[in-house]
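The values are calculated or read from the model by the stated rules, or taken from the named source; none is laboratory data. The structure displayed is predicted, hence computed values, not measured ones. Virtual Cβ from ideal backbone geometry, glycine too; neighbours counted across all protein chains shown.
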Amino acid sequence: MKNRGLRFDPRIQFAMLALPGAAFVFVFLVLPLLSIVVFSFWRTERYELIPEWNLENYRIVLTDPTYLTFLLRSLVMATVVCLASVVYAWPVAYFIAKHGGRYRLVLVLLTAAPFLTGIVLRVTALQQILGPIGLVNMALMTFGFEPIEALMYSNVASAIGLVYLWIPFMIVAIYLSLLNFDFELLEVAKVAGARPWRAFLEVTWPLNWIGTAIGIVLVFVPTFAATVTPRFLGGPNGSLFGNILEHQFGATGTWALGSAMGVVLFLVSLAFILLIGRTIDPKRTGFTGIGR
Amino acid sequence: MTPVLDLQAVEKRFGAVTALSEVDLTIDRGEFFALLGPSGSGKTTMLRVIAGLERPDRGRVLVEGREVTALPPYLRNIGMVFQDFLLFPHKTVGENIVFPLRMQRRSRAEQQEQLAWVSRLVRLQGLEERYPHQLSGGQKQRVALARGLVSRPTLLLLDEPLANLDRELRREMEVEIRRYQRELGIPFVYVTHNQEEALTIADRMAVMYRGRIEQVGDKLDLYMRPETRFVAGFLGHPNRFSARVLEIADGRMLLDWNGVRLRQERRFETRAGETVELFLKSERIRLCRRPDEAAALPNRVPGRLQDAIFKGVFADCFVTLNNGAELVVAATPDAAGIPRESPVTLAWDIADAHAFPVEQEGGGS
């Protein structure tokens, strides 16, 4: 049979298929990012960007203790939020994957239901629960207990808020990984003498590490750049790197410095992603198709 | 002597389904035992109960005289080989094999020693550094066997271990597995739905059906002297037909099979006028070209040869009898040379066919 359809060189076919996606990424991701990089080497004067190339912005961000402190705070916050999300998301994802039956998909989507509203709304809602006149502390006081100060405008409140915001990513990532996981391997491990915890560490965890790592990246990146959550829940001492960065584009109008901060934020996130990537041994993922 | 395994009145239900009911079974030291049954007969559930992966609703499980009914699988030291191999994909062959030893906190030196021993036994030397996805099906199966055997368990359970291998490899592995069993002296409990495999590999076997053990004993006994209608109809893929009882005398029955008189042993209570079902294995039937060749045998039925399929060791002959029935006969291969439509006589002895009352609880297939 002769193929009468139009035929192109495979390389042209590839280019035609790749073009729309590549154009999208270029226009909406690469270009803005490039402009930020360019701005970061300029300077701002009286709310105006002046194209004079210099490294002053980076010198400030990387040597001024204020900025470094906020960078460190954001790093610590992102790490803590990631760890808490892993610990909390694993049992949830595991339960849904193993016992969800035909409602599995619905249950997973439900964990993401808060995404149907905006971030500001979600964080404000959380304020109603955690704040000084929030549900938790009001309830405590009604029954004659002391209110929990740590919940009111603090880094703990911020962390709770961030976990709440981004944990659906973690749950979905781990859940999708568990969908491909053969739970029978756990029975093999148990018959071979592994107690449940040992079986988890020997089999379940390593075989689902990629999914977990993806979840960690998905939670780390937005947490590291968080602005809204610390502003609403963190209180006066809860500002993070993102808040200071935001500030440069708003009140102070130092766009060039803000751009440099943005680049630093981007590079640190990238470094973190690469670091996580290093933990993945392609031979030991079990992702080699029919690996058994 | 205490048996290695002793199941006492074990019962297991899954919702409304009874997977095992009133199962009693003992397995002795060093024996190769096969559990045979169609799918859904409860044999895998039984294996899982023995391994501790399922807890029976009733009854007791004893291993070497010690009750383990409530003991989790990781405290039983029972080896198990699964149908889909289930190797750990993120561990090398060597790591897979020593896994049970690591769980038992054996020293590294001992792990290496046992690994060397078991790799030699299952002929896997040189593959220890590979990952499971780099192995062929047969090699994977050997790794699974090595992992099951490495800690020298009290008992090795094998759940359809050869079902995913092709025919050639299956033959080879059957012989291999028998060799491991003889060399180690560990009792093997081998689950399969393939009767040829069970008959080849095991010494003793049980046939399961609908969650019950229909018959247990020496494999030859089960094959030659089935005690239930199911076993009679299952092992050896026999011919089956019904006949009416005419007379009963001296432990024998005279039967009417659509106008043909048959003589048959009577091994159960029955009365004249009742219908019985007969199971007759094709290799028990003699195919005679001249009627006088069959004179010594009490049951003789004339018919015509429809077709003969040459199979090497024997030939499957399809014979339409004068009473309208059709029987399959496993004859010597030269029967393939008999012209079609030739008149032949089929003959068999009174004990060759197995008769059972038509209505028996749990029968049929």
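Failed condition for B:Leu53, given (1) away from chain A (no Cβ under 14 Å); (2) at pLDDT 95 or above, with all others met?
(1)
Within the stretch B:290-328, which residues are surrounded by fewer than 14 Cβ atoms within 10 Å (Cβ to Cβ), hydrophobic (A, V, I, L, M, F, W, C), assigned to a loop (DSSP other than H, G, I, E, B) and in contact (Cβ under 8 Å) with a residue 12 or more places away in the chain?
Selection gives B:Val313 alone.
Do we find a residue being of a type outside the set (Phe, Trp, Tyr), in the same structural domain as B:Ser119 (by TED's automatic domain parsing), modelled with pLDDT of 95 or more and over 29 Å from B:Asn164 (Cβ atoms) anywhere in the stretch B:88-101?
So far as the stretch B:88-101 goes, no, none of its residues is of a type outside the set (Phe, Trp, Tyr), in the same structural domain as B:Ser119 (by TED's automatic domain parsing), modelled with pLDDT of 95 or more and over 29 Å from B:Asn164 (Cβ atoms).
Please specify each residue of the stretch B:143-167 satisfying the condition of being more than 19 Å from the chain's Cα centre (by Cα), surrounded by fewer than 24 Cβ atoms within 10 Å (Cβ to Cβ) and away from chain A (no Cβ under 12 Å).
Within the stretch B:143-167, B:Arg152, B:Thr154 qualify.
Among the numbered conditions (1) of a type in the set (D, E, K, R); (2) free of Cβ contacts under 8 Å to residues at least 24 places away in the same chain; (3) buried (at least 17 other Cβ atoms within 10 Å of the Cβ), tell me where B:Lys219 comes up short.
(2)
Pick from B:Arg60, B:Arg120, B:Arg76: which is touching a Leu at 6+ places or on another chain (Cβ under 9 Å) and modelled with pLDDT under 95?
B:Arg76
Each row is one residue, and each column tells you yes or no for (1) within 25 Å of A:Thr229 (Cβ to Cβ); (2) not hydroxyl-bearing (Ser, Thr, Tyr).
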| site | (1), (2) |
| --- | --- |
| A:Ser85 | yes, no |
| A:Phe95 | no, yes |
| A:Leu107 | no, yes |
| A:Ala113 | yes, yes |
| A:Leu116 | yes, yes |
| A:Pro132 | yes, yes |
| A:Val136 | yes, yes |
| A:Glu149 | yes, yes |
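Across the stretch B:189-213, what is the total count of residues that are touching a Lys or Arg at 6+ places or on another chain (Cβ under 9 Å) and not in a helix (DSSP H, G or I)?
The number of residues fulfilling the criteria is 11.
For every residue, the table says whether it meets (1) closer than 28 Å to B:Ile309 by Cβ; (2) without any contact (Cβ under 8 Å) to a residue 60 or more places away in the chain.
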{"position": "B:Ala232", "(1), (2)": "yes, no"}
{"position": "B:Asn239", "(1), (2)": "yes, no"}
{"position": "B:Glu247", "(1), (2)": "no, yes"}
{"position": "B:Val260", "(1), (2)": "yes, no"}
{"position": "B:Glu265", "(1), (2)": "no, no"}
{"position": "B:Ala272", "(1), (2)": "no, yes"}
{"position": "B:Cys288", "(1), (2)": "yes, yes"}
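May I ask you to list the residues in the stretch B:22-40 that are crowded, with 20+ Cβ neighbours inside 10 Å and touching a Gly at 6+ places or on another chain (Cβ under 8 Å)?
Result: B:Val23, single match.
If you check B:Glu196 against the conditions, is it at pLDDT below 95 and closer than 30 Å to B:Asp84 by Cβ?
Criteria met by B:Glu196.
Can you confirm whether the stretch B:19-29 contains a residue that is free of Cβ contacts under 8 Å to residues at least 24 places away in the same chain, under 23 Å from B:Val216 (Cα atoms), assigned by TED's automatic domain parsing to the domain that holds B:Asp159 and assigned to a loop (DSSP other than H, G, I, E, B)?
No: zero hits.
Tell me yes or no: at least one residue of the stretch B:126-134 is out of contact with any Ser or Thr (no Cβ under 6 Å at 6 or more places or on another chain), within 12 Å of chain A (Cβ to nearest Cβ) and crowded, with 23+ Cβ neighbours inside 10 Å.
Yes.
Can you confirm whether the stretch B:278-289 contains a residue that is among the small types (Gly, Ala, Ser), out of contact with any Cys (no Cβ under 6 Å at 6 or more places or on another chain) and assigned to a strand (DSSP E or B)?
No, the conditions are met nowhere in the stretch B:278-289.
Just checking, which of B:Arg240, B:Arg182 is part of a helix (DSSP H, G or I), of a type outside the set (Ser, Thr, Tyr) and over 15 Å from the mean Cα position of the chain (by Cα)?
When all the criteria are applied, what remains is B:Arg182.
Out of all the residues in the stretch A:26-39, is one or more surrounded by fewer than 17 Cβ atoms within 10 Å (Cβ to Cβ) and over 30 Å from A:Phe220 (Cβ atoms)?
For the stretch A:26-39, residues surrounded by fewer than 17 Cβ atoms within 10 Å (Cβ to Cβ) and over 30 Å from A:Phe220 (Cβ atoms): absent.
Exactly one condition in (1) touching a helix residue (DSSP H, G or I) at 6+ places or on another chain (Cβ under 8 Å); (2) closer than 24 Å to B:Met103 by Cβ; (3) free of Cβ contacts under 8 Å to residues at least 60 places away in the same chain is not met by B:Leu165; state its number.
Of (1) touching a helix residue (DSSP H, G or I) at 6+ places or on another chain (Cβ under 8 Å); (2) closer than 24 Å to B:Met103 by Cβ; (3) free of Cβ contacts under 8 Å to residues at least 60 places away in the same chain, only one is false for B:Leu165: (2).
Taking the stretch A:174-205 on its own, how many of its residues are facing chain B (nearest Cβ under 9 Å), at pLDDT 95 or above and within 28 Å of the chain's Cα centre (by Cα)?
Summing the residues that are facing chain B (nearest Cβ under 9 Å), at pLDDT 95 or above and within 28 Å of the chain's Cα centre (by Cα) in the stretch A:174-205 gives 2.
When you go through (1) in contact with an Asp or Glu (Cβ under 9 Å, 6 or more places away or on another chain); (2) within 8 Å of chain A (Cβ to nearest Cβ) one by one for B:Leu101, which number turns out not to apply?
Among (1) in contact with an Asp or Glu (Cβ under 9 Å, 6 or more places away or on another chain); (2) within 8 Å of chain A (Cβ to nearest Cβ), B:Leu101 violates only (2).
Right, B:Val118: more than 10 Å from chain A (Cβ to nearest Cβ), in a helix (DSSP H, G or I) and either more than 21 Å from B:Gln215 (Cβ to Cβ) or touching a Pro at 6+ places or on another chain (Cβ under 9 Å) (or both) or not?
Answer is yes for this residue.
Can B:Arg106 be described as assigned by TED's automatic domain parsing to the domain that holds B:Glu129, basic (Lys, Arg) and in a loop (DSSP other than H, G, I, E, B)?
So B:Arg106 passes the test.
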